[in-house]
Amino acid sequence: MNNSVISKFSGVFVSLFIIWLINELTVVDYCLEQGGKFEYRTGTCLLENGVVYSSANEVPLIILYVFIGFFVTFFVSKLLNKLVKLDN
């Protein structure tokens, strides 16, 4: 396997981890603060009275996740290439 492929896969894993952290901090914690229970299987917030809570932040968060995915993958890949001197 090419060494630059390893750095790109590492970048993808780091970006997925960062996206997961942002999701936990924004969506899940906010649901719990509202007194609800977050259903990980369906990705929904169920409030105590049985109503499914939906914030208006879904579309901006998806756009943010896409940008984070691209930029973090790119920068981590470049950084690993520089650190290990894999650039051709």
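Each value in this text was obtained by applying a stated rule to the coordinates, not by laboratory testing. Please read all numbers here as calculations on a predicted model, not as lab measurements. Neighbour counts run over all protein chains shown; Cβ positions are idealised from the backbone, glycine included.
Among the candidates Leu32, Leu25, Leu16, which residue alone is without any contact (Cβ under 8 Å) to a residue 40 or more places away in the chain, under 21 Å from Phe70 (Cα atoms) and either in contact with a Gly (Cβ under 7 Å, 6 or more places away or on another chain) or not in a loop (DSSP other than H, G, I, E, B) (or both)? Steps first, answer last, please.
Working: Leu32 fails: under 21 Å from Phe70 (Cα atoms); Leu16 fails: without any contact (Cβ under 8 Å) to a residue 40 or more places away in the chain.
Among Leu32, Leu25, Leu16, only Leu25 is without any contact (Cβ under 8 Å) to a residue 40 or more places away in the chain, under 21 Å from Phe70 (Cα atoms) and either in contact with a Gly (Cβ under 7 Å, 6 or more places away or on another chain) or not in a loop (DSSP other than H, G, I, E, B) (or both).
Please give the number of the condition Cys31 fails out of (1) loosely packed, with under 15 Cβ neighbours inside 10 Å; (2) more than 25 Å from Asn81 (Cα to Cα); (3) of a type outside the set (A, V, I, L, M).
Going through the list (1) loosely packed, with under 15 Cβ neighbours inside 10 Å; (2) more than 25 Å from Asn81 (Cα to Cα); (3) of a type outside the set (A, V, I, L, M), Cys31 breaks only (1).
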